[in-house]
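The values are calculated or read from the model by the stated rules, or taken from the named source; none is laboratory data. Everything numeric in this text was worked out from a predicted model, so none of it was measured. Cβ sites come from the backbone with ideal geometry, for glycine too, and all protein chains shown count toward neighbours. The accessibility values were calculated without ligands, DNA or RNA, using every heavy atom of the protein model including side chains. Shrake-Rupley method; radii C 1.70, N 1.55, O 1.52, S 1.80 Å.
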Amino acid sequence: MKGVITEIERFSLKDGPGIRTTVFFKGCNMACKWCHNPETLSVKPQLMVYPKNCIGCGACVKACKAGARTIENGMLHYDRSVCTDCGACAQNCFTGALVMSGKEMTVEEVMSEILQDRGYYRNSGGGVTLSGGEVSTQPEFAVELLKALKNENISTAIETNLYAPWSVYESLMPFVDLVMFDIKVFDSSAHKKWTGVSNQRILENAKRIADSGKPYLVRTPVIPGVNDNEEEIGNIAEYVGGLGGAQYYELLLFNPLGESKYDALQVKNDFAGTRPTKTEGAERLEQVAKRKSGLPVRVG
Ligand code: SF4
Ligand code: SF4
């Protein structure tokens with residue numbers, strides 16, 4: 001069995017306790033307009049193009065059998081409409097101008113990268129986090145990978161949007177030590193406007209996770225113009241506190257680093273130029289979140 005993985009990040013300190021390796025799954029069942037990993041939305045491997053890195057050697061033109069990379073009047077052109085995302089050009093481009101996002105990997109291949117760092121997990125109380133994209137969009141692969149991790153006594157966590165049917169989480173839960181999930185927007189119609197889906201199932205799944213006794217924590221991405229106000233964060237925080245038993249509640253400030261990825265994929269970025277909520281505003285939201293949730297609150 002193979003999964004499509006965009007990245008395996010070693011020595012991560014932000015995806016759960018201790019030193020962790022984070023495995024980013026490709027594919028998502030939501031479409032948040034502010035997503036800072038737009039290359040993870042589609043499950044298919046995709047070509048990302050960074051023209052500034054191109055030295056004009058022409059190797060990609062020779063490699064491309066689809067006619068998507070061409071030279072016209074001495075200028076390099078790329079036609080995404082005929083590109084098959086086969087990756088042949090990227091294999092021949094050594095400057096970083098063409099990069100494939102997403103690679104099919106077996107569980108054994110992923111594990112061989114993970115096992116290099118098992119000493120760090122043990123000494124730091126860390127482990128492995130399955131993230132994305134959305135881990136629940138490749139559930140069979142996720143279960144097999146989680147089983148392999150548990151066979152090696154490695155602590156496991158998932159980061160999820162909680163939008164999959166509950167049956168998917170039931171299949172993952174026996175092999176997961178910590179669940180980290182998002183509640184992004186509280187009002188259901190606003191949630192649909194910004195993410196493409198209603199939050200009804202997410203809130204139902206949140207309740208089920210809390211009732212299951214599995215260790216969990218909740219995060220909210222703080223997005224300027226979407227939910228960076230006291231009423232919205234207060235509503236979410238109150239709901240999170242009411243679930244009972246969350247380790248903590250975390251506010252994740254907007255991450256503008258995805259901008260170059262939108263350009264590389266040639267897709268529209270609705271949040272181009274947006275910057276994170278300023279320190280004063282973030283501190284105010286932190287206080288509201290603490291008061292309404294009754295939980296420890298982190299801002300990241
Ligand atoms: S192979 Fe890379 S560096 Fe060479 S022309 Fe193509 S994109 Fe540019
Ligand atoms: S990914 Fe394949 S089809 Fe697309 S430009 Fe590169 S070689 Fe051509």
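The modelled label-to-label distance between Met1 and Thr95, using points 7 Å beyond Cα along the C-beta direction, is 4.2 nm. Each peptide in 277-288, 100-111 gets a packing score, the mean of other Cβ atoms within 10 Å over its residues, and the list from highest to lowest is 100-111, 277-288.
Among complete DSSP H helices in the chain, none has alpha-carbon atoms stretching at least 30 Å along the helix's long axis together with a mean Kyte-Doolittle hydropathy reaching 0.0. The chain has equivalent-ellipsoid semi-axes of 35, 24, 17 Å, by the square roots of 5 times the alpha carbon gyration tensor eigenvalues, sorted largest first. Starting from 0 in steps of 5 Å, tell me what percent of the Cα-Cα pairs of region 31-90 lands in each bin. Bins of 5 Å from zero give 4, 16, 25, 22, 15, 10, 7, 2 percent of pairs. The helix-based estimate of mean residue ellipticity at 222 nm for the chain, built from -39,500 (n - 2.57) per DSSP H run of four or more residues and divided by its residue count, is -9500 deg cm²/dmol to the nearest 500. Could you tell me what percent of the DSSP beta bridges with both partners in the chain are antiparallel, to the nearest 5? Once the DSSP bridges in the chain are tallied, antiparallel ones form about 40 percent. Listed by chain and number, the lysines whose alpha-carbon sits under 22 Å from that of Lys103, ignoring those within fewer than 8 places in the same chain, are Lys2, Lys26, Lys44, Lys65, Lys147, Lys261. Proximity of backbone amide H atoms, modeled 1.01 Å from N, is registered between Arg219 and Phe181, Asp182, Ile183, Glu250 at under 5 Å, excluding neighbours fewer than 5 places apart on the same chain. Across region 53-62, coupling constants 3J(HN,Hα) worked out from phi with the 6.51/-1.76/1.60 Karplus curve, θ = phi - 60°, read 8, 7, 10, x, 6, x, 4, 5, 5, 5 Hz, and Gly and Pro carry x. In a fully extended conformation the segment linking Arg284 and Asn229 would gain 18.9 nm over its present Cα-Cα distance, using 0.36 nm per residue.
Put the Cα centre of region 88-165 next to the Cα centre of region 175-202 and the gap is 22 Å.
The aspartates and glutamates within cross-link reach of Lys207, meaning a Cα-to-Cα straight distance under 14 Å and a gap of 8 or more places when in the same chain, are Glu170, Asp182, Glu238. A prolate overall shape is assigned to region 6-161, the ratio a/c of its alpha-carbon gyration tensor axes (a ≥ b ≥ c) being 1.5 or greater and a/b exceeding b/c. The value of relative contact order for region 46-100, using C-alpha pairs under 8 Å at least six residues apart, is 48 percent. In a fully extended conformation the segment linking Lys44 and Glu238 would gain 66.1 nm over its present Cα-Cα distance, using 0.36 nm per residue.
Taking the chain as a Gaussian network, where each spring joins two C-alpha atoms under 10 Å apart, which residue of Thr274, Thr156, Thr137 fluctuates the most? The residue that fluctuates most here is Thr274. Computed from the Cβ-Cβ distance with R0 of 25 Å, the FRET efficiency linking Glu113 to Leu257 stands at 0.60.
Comparing Gly119, Gly87, Gly234 in a Gaussian network model of the chain (Cα springs below 10 Å), the most mobile by mean-square fluctuation is Gly119.
Heavy-atom accessible surface of region 46-100, averaged per residue, reaches 62 Å², computed with a 1.4 Å probe. Quick check: at a probe of 1.4 Å, how many percent of the accessible area of the chain sits on carbon and sulfur atoms? After summing per-atom areas, the C and S share lands at 51 percent. For the chain, modelled as a GNM whose springs connect Cα atoms under 10 angstrom apart, the maximal fluctuation among Gln46, Gln247, Gln116 occurs at Gln116.
For a protection proxy built on the mean count of beta-carbon atoms within 10 angstrom, sort 235-242, 188-195 highest first, please. Present the calculation step by step, with values, prior to reporting the outcome.
Values: 235-242: 19.9, 188-195: 16.6.
In descending order of packing, they fall as 235-242, 188-195.
Considering only alpha-carbon pairs that sit under 8 angstrom and 6 or more positions apart, the relative contact order computed for the chain is 18 percent.
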